[in-house]
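The values are calculated or read from the model by the stated rules, or taken from the named source; none is laboratory data. Note that the coordinates shown come from a computational prediction; the quantities given were computed from them, not determined experimentally. Neighbour counts run over all protein chains shown; Cβ positions are idealised from the backbone, glycine included. Quick note on the areas: whole protein, heavy atoms, side chains included, nothing else; ligands and nucleic acids left out. Shrake-Rupley method; radii C 1.70, N 1.55, O 1.52, S 1.80 Å.
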Amino acid sequence: MSETVTHVGSGKVRELYALDDDRLLLVASDRISTFDVVLPTEIPDKGRVLTGLSAFWFAQTGSLVPNHLLALRDDGRSTECKRLEMLPIECVVRGYLAGSGWKDYRATGEVCGHRLPAGLVESQQLPAPIFTPATKALEGHDENIDRAAGAALVGESRYDEVERLSLELYRTVSKRAASLGIILADTKLEFGVDESGQLVLADEAFTPDSSRFWPADEYTPGGPQPSFDKQFVRDYCESLGWDKTYPGPELPADVVEGTRARYIEAFERLTEIEFDAYAERPEVVLG
Ligand code: Q0Z
């Protein structure tokens, strides 16, 4: 009766297992990373919050593009997924100028070959969202690439298709988030191809680990914005003068509790579902 589950991969805060030839199990842990280092202290329920949010968005966007979600497990942190042939690019959409987008713009006036107006400031909203793909680095940071480099990796027509779908997904989700007082500054999506050659949205989607969420009521362009979820952790780490190399510091109880509350607040605001209801019956996010 019991299945043999094979571990096939580890992310910084997630694990991937093979259930059979066609299905994977994606498990989100309660680990948290900051400044690219996984901390020794966990945030209780973080894995369930991210899994629930991702499943919610898969359900909300299922009419725009098929996705890999097959089932949400009762633990609320694991999803059974359709096994796909993943595309070798990260599909990033930016509506605001932050992170590597801001860095590239400041150096060249462009992001991934998109020439932008002069005089933009850090965190400013762009005239329109842009598709800014990146390579998948096995170690270190993903590298931003332009249309020609992206098309060389996936083909012209596939590139056009993921660009159109990524922008459509960003517009849909950022509109809902904005109506709930949350700015979706940017997001990273991953697509795969199924056995019929169809594009399928995979991995995690529109979680705080794959997106920059900013509280709209604190938005002040002209500098970096506070993170919706990780700001207490960042502030605490900065206060220690930690050099941001492994190992990271243990977090005190108040930072853990404040951060947990922010993850749950993000879940509840974006889904309009109580986290306790999700914990009781994860399928509530599927609508
Ligand atoms: C996702 C990753 C994680 C380590 C592979 N549906 C899919 N089909 C095939 N491959 C993947 C997926 Cl989601 C796939 N990753 C990212 C996730 C741990 C790496 F939890 N790698």
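Here are the numbers for the structure shown:
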| quantity | calculated |
| --- | --- |
| Max mean-square fluctuation residue, GNM over the chain, Cα-Cα springs under 10 Å, options Pro127, Pro215, Pro226 | Pro127 |
| Charge dipole of region 180-287 about the Cα centre (unit charges at C-beta), most positive-ward option of Pro208, Gly192, Pro282 | Pro208 |
| Debye, to nearest 20: dipole size of the chain, +1 on Lys, Arg Cβ, -1 on Asp, Glu Cβ | 700 |
| Principal semi-axes in Å for region 25-75 [√(5λ), Cα gyration tensor, largest first] | 25, 13, 9 |
| Rh by Kirkwood over Cα pairs, then Stokes-Einstein D for the chain at 0.890 mPa s and 25 °C, µm²/s | 125 |
| Calculated P(r) of region 226-287 - Cα pairs past 15 Å, % | 59 |
| Gaussian network model of the chain, Cα within-10 Å springs - most flexible of Leu270, Leu97, Leu126 | Leu126 |
| Within the chain, helix-based [θ] at 222 nm, where runs of 4 or more DSSP H residues each add -39,500 (n - 2.57), nearest 500 | -10500 deg cm²/dmol |
| Highest-fluctuation residue, Lys82, Lys230, Lys103 considered, GNM on the chain with Cα pairs under 10 Å | Lys103 |
| Leading residue at positive end of dipole, region 108-168 (Cβ point charges), from Leu116, Ala152, Ala137 | Leu116 |
| Heavy-atom accessible area per residue - the chain, 1.4 Å, Å² | 48 |
| Counted charge near Glu280, where neighbours are those whose Cβ lies closer than 15 Å (Asp, Glu -1; Lys, Arg +1) | -3 |
| Test item: Cα-centred dipole of region 142-287, Lys/Arg +1 and Asp/Glu -1 on Cβ, debye | 380 |
| Kirkwood hydrodynamic radius (C-alpha pairs) into Stokes-Einstein, region 1-119, 10 °C and 1.306 mPa s, D in µm²/s | 93 |
| Accessible carbon and sulfur surface of region 132-273 relative to its total accessible area, %, 1.4 Å | 50 |
| Charge-dipole axis of the chain as Lys and Arg at +1 and Asp and Glu at -1 on Cβ define it, positive-most pick from Leu64, Ile183, Leu126 | Leu126 |
| Kirkwood Rh, Cα atoms: Rg over Rh of region 117-227 | 0.98 |
| Long-range lysine pairs (8 or more apart or interchain), the chain, Cα under 20 Å | 15 |
